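Reviewing the structure listed below.
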Amino acid sequence: MKKILFITFIILCLKVNAQETNSPNNNELKINMSNLIGFKWVDFSYENLLNEESSIGVGLLFSLDSDIGSIDEYRNFSLTPYYRFFFSNKYAQGFFVEAFGMLHTGKNDFYYDDDFNSTRVDEKYTDFAAGISVGAKFVTKRGFVAEIYAGIGRDLLGQSEIEVVGRGGVSIGKRF
């Protein structure tokens, strides 16, 4: 399932890039390196620059190791559409504020104790969160992109044991 979603994500990114646009460089493809290194998550994002001060994008995250003990070990997949507004004189870069939605899946761990032993039960869930992030994006003359951002969102469906989700990291990529 994860591989199918990843391939679909890449095909959509390439299809959007193949369409004619007014600007030759209004698409970005990035990978969140801090999530890959720190949590063993693959976190790709595609962003389309709407104009000099706003963009829309989507992030796709999936876990490479479901047994890793981390701050956010309960999440193993997320699809995160977002809208960014930039506060800079440069084209779609500098300080930004982002509104996002996050469809995420994972597992809740429950422990049941009786008189003699403890039983662990994993319960899978799917939830949707809405949130806000802040960050900064830097772009070189040749289109290399680096960004840093952090945000927080609240689960709206109440399916997850943890009600608040985090979003953030350090991403690198290419504007094309």
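The values are calculated or read from the model by the stated rules, or taken from the named source; none is laboratory data. Quick caveat, the model's predicted, so the values are computed rather than measured. FYI the Cβ positions are ideal-geometry reconstructions off the backbone, even for glycines, and counts take in every protein chain you see.
Criterion first (at positive phi and part of a strand (DSSP E or B)) does GLY169 satisfy it?
The answer is yes for GLY169.
Name every residue in region 135-145 that is assigned to a strand (DSSP E or B) and either touching a residue at least 60 places away in the same chain (Cβ under 8 Å) or surrounded by 16 or more Cβ atoms within 10 Å (Cβ to Cβ) (or both), in order of residue number.
GLY135, LYS137, VAL139, VAL145
So for region 162-174 (the condition being within 28 Å of GLU53 (Cα to Cα), in contact with a Ser or Thr (Cβ under 7 Å, 6 or more places away or on another chain), of a type in the set (Val, Ile, Thr) and touching a residue at least 24 places away in the same chain (Cβ under 8 Å)), does at least one residue qualify?
Within region 162-174, one or more residues are within 28 Å of GLU53 (Cα to Cα), in contact with a Ser or Thr (Cβ under 7 Å, 6 or more places away or on another chain), of a type in the set (Val, Ile, Thr) and touching a residue at least 24 places away in the same chain (Cβ under 8 Å).
Is there any pair with a first residue in region 80-106 that is closer than 29 Å to SER160 by Cα and a second that is at pLDDT below 95 and exposed (fewer than 14 other Cβ atoms within 10 Å of the Cβ) whose Cβ atoms are under 8 Å apart and which are 6 or more apart or on different chains, and what are they?
Matching pairs, first to second residue: LEU103/THR126; HIS104/THR126; THR105/LYS124; THR105/THR126; GLY106/LYS124.
To keep it simple, each residue is scored yes or no on (1) surrounded by fewer than 13 Cβ atoms within 10 Å (Cβ to Cβ); (2) out of contact with any Phe, Trp or Tyr (no Cβ under 9 Å at 6 or more places or on another chain); (3) hydroxyl-bearing (Ser, Thr, Tyr).
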{"position": "ALA99", "(1), (2), (3)": "no, no, no"}
{"position": "ASN108", "(1), (2), (3)": "no, no, no"}
{"position": "VAL121", "(1), (2), (3)": "yes, no, no"}
{"position": "ALA129", "(1), (2), (3)": "no, no, no"}
{"position": "SER133", "(1), (2), (3)": "no, no, yes"}
{"position": "LEU157", "(1), (2), (3)": "yes, no, no"}
{"position": "VAL170", "(1), (2), (3)": "no, no, no"}
{"position": "ARG175", "(1), (2), (3)": "no, no, no"}
